[in-house]
Each structure stands twice: as C-alpha cells, then as structure tokens.
Amino acid sequence: MTATPAPASTPQPVPDASTSPGAAPMVQLTGVSKRYALGDTIVTALDNVSLTVMRGEYVAIMGTSGSGKSTLLQILGALDQPTEGTYELEGHDITALGDKEQARIRNRHFGFVFQAYNLFPELTALDNVELPLTYAGVNKKERRERARLRLEQMGLSARERHLPAQMSGGEQQRVAIARALVTNPTLLLADEPTGNLNQEAGERIMELLSGLHGGGTSLIVVTHDLAVGARAKRLITVRDGQVVGDAAQG
Ligand SMILES: Nc1ncnc2c1ncn2[C@@H]1O[C@H](COP(=O)(O)OP(=O)(O)O)[C@@H](O)[C@H]1O
Ligand SMILES: [Mg+2]
C-alpha cells in the first residue's frame, strides 16, 4: 500500500463525497485498455473495458488466473493508469492526473485489502490501523479512537497490541480491513481477500464484508472463488482482459 501526505495547497478536482450525493456514478471506466511491453511483444491485460459502478454497490469481479482481474482492480483504485481510455470518479476525469494527485485521491477515496494482508510486521495491530490517519494528518488522540473503533468492528479489540506474526491469517486480514476502513473511504477494493485463508477464516471475512455492504460501504472484490463471488450483489466476469458478463445476483 502506498500513501503519501497530501499537501494542503493541492487543488481539489474531486469533491468530498458528502458534497456530491449520488449525482454521477461513483466509478466510470470508458474504453479502458492496459498494455504492457514485454521485449518485442505487447501483453494486453485489459482490452477496451467500460464499466459503471454506483455508490453502495457490492461487486465481485471473477475470472480465471491471468484474465486481468488484478489489473482492473489496480486501475479502479488509481494504483495504476490505463494505457487507453478514461476513468471518471464521481464525474471527475482522473485519468491524466499526476502521481501526487493520484496518491491524494487514493488516500481520500479508496481502501485496499490484498491477499497477503500487507501489514507492517514491526507495527502492532493498532499502529497498523492508525497509519493511514497519520498520513492524512489526523492527531494522535483521534487516530487512536478511530483505529480502536475499527478494530472493535472487526472483533479484534483483544489483539490491539499484537504484532502481525502473533496473529492468525484471518486476524491479520481483519486488521488489514480495519486499516482500509479507518479513513472512511468512498470505496473498498479487495483483491483475493480470502485467498490465503482456510474456509472458516474466509467465511468470517466474507461475513464482515457483507455486513459492511449492509451498512452502506461500496465494495469491489476480486476473486476466483465462486463462493466468495456469490456473496456480491453484482457479478462481473472477465476473460482475456474483457468484460464478458455483468449481472445482478442474489
Ligand atoms: N506488470 C506486468 N507486466 C507484464 N504483464 C503483466 C503485468 N501485470 C500483469 N500482466 C499480464 O496481464 C495479464 C492479466 O494479469 P492480472 O491482472 O494479474 O490477472 P489476474 O489477476 O486475473 O490473475 C496476465 O497475462 C499477466 O501476465
Ligand atoms: Mg490477480
């Protein structure tokens, strides 16, 4: 996870969520392709993807390994930029913004959860969850309070002082979710969040994600696990870098 402090003087092309209630789609990709040059061959990871996601949706992105799921999630989270096409976030084109602005948008709008948890090993659970608030310039007292609340929400109040190595995989992933949520992001993005977990721990993660959706959080979850995908309210299927299915479910 990358996060850099946003200078106070940065222009604000994307207004705060509270000032633009549900007018534009939360996320709109139009004709997005992503190509990589590998020697003299070009790998097309995403091929002309157009996609609209509204606030409050719970979307699963499914497809076999190599189909382009992670690439799509990285673009949706502004961790990567398309080779072609545009990305509008709440009606504002963010495609051509520079690195600093992209970082600011990531910090402000997105929470990320990865398969391998990506916690800092030398930091306690509480310090890991506080970290994005440190980058955002939130004072110590408020950081503590907000991080504690999120850990409590994830059922981890008894683990505040634990280091990642002193927790199970499922607990570490719940810490990672607490960390992703502590900034109150517009959208939670998860890439194979249960991929390293046993079935029981994975179930618990999925229950928590469903609960977040019930509370109004917008979620996009990448998975190749049918049981995980079945939890979402909308299923997008990708194959060879293209969206080949998009349907409401359950
Ligand atoms: N940095 C990169 N350089 C070259 N090829 C890449 C890179 N990242 C992804 N790819 C290729 O793009 C395709 C889609 O990858 P990815 O989005 O990781 O798929 P998935 O997450 O569905 O397994 C794959 O063929 C992969 O090898
Ligand atoms: Mg992947």
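Listing for the model above:
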read-out	value
Relative contact order computed over the chain (Cα-Cα under 8 Å; 6+ residues apart), in percent	27 percent
Residue with peak Gaussian network fluctuation, the chain [Cα springs, cutoff 10 Å], from Glu90, Glu192, Glu203	Glu203
Nitroxide proxy distance, nm - points 7 Å out along Cα→Cβ at Asp99 and Ala248	4.3 nm
37 °C / 0.692 mPa s Stokes-Einstein diffusion coefficient of segment 125-250, Kirkwood radius on C-alpha pairs, µm²/s	211 µm²/s
Distance in nm between pseudo-label sites at Arg161 and Glu142 (7 Å out along the Cβ direction from Cα)	2.8 nm
22 Å Cα-Cα reach of Lys69 towards lysines, excluding residues that sit fewer than 8 places from it in its own chain	Lys34, Lys233
Most mobile of Gly202, Gly214, Gly56 in a GNM of the chain (Cα contacts under 10 Å)	Gly214
Cα gyration tensor category, rounded, prolate or oblate, for segment 33-78 with a/c compared to 1.5	prolate
Segment 117-243: relative contact order as a whole-number percent, Cα under 8 Å and 6+ apart	24 percent
The chain, dipole about Cα centre (Lys/Arg Cβ +1, Asp/Glu Cβ -1), debye to the nearest 20	660 debye
Protection-proxy order for peptides 174-180, 28-34, each taking the mean of Cβ atoms within 10 Å per residue, highest first	174-180, 28-34
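None of the figures in this text is laboratory data; all of them are computed from the coordinates on show. In this text the structure is predicted, and so the values were computed from the model without any measurement. Here the Cβ is made from the backbone with ideal geometry for all residues, glycine too, and neighbour counts use every protein chain on show.
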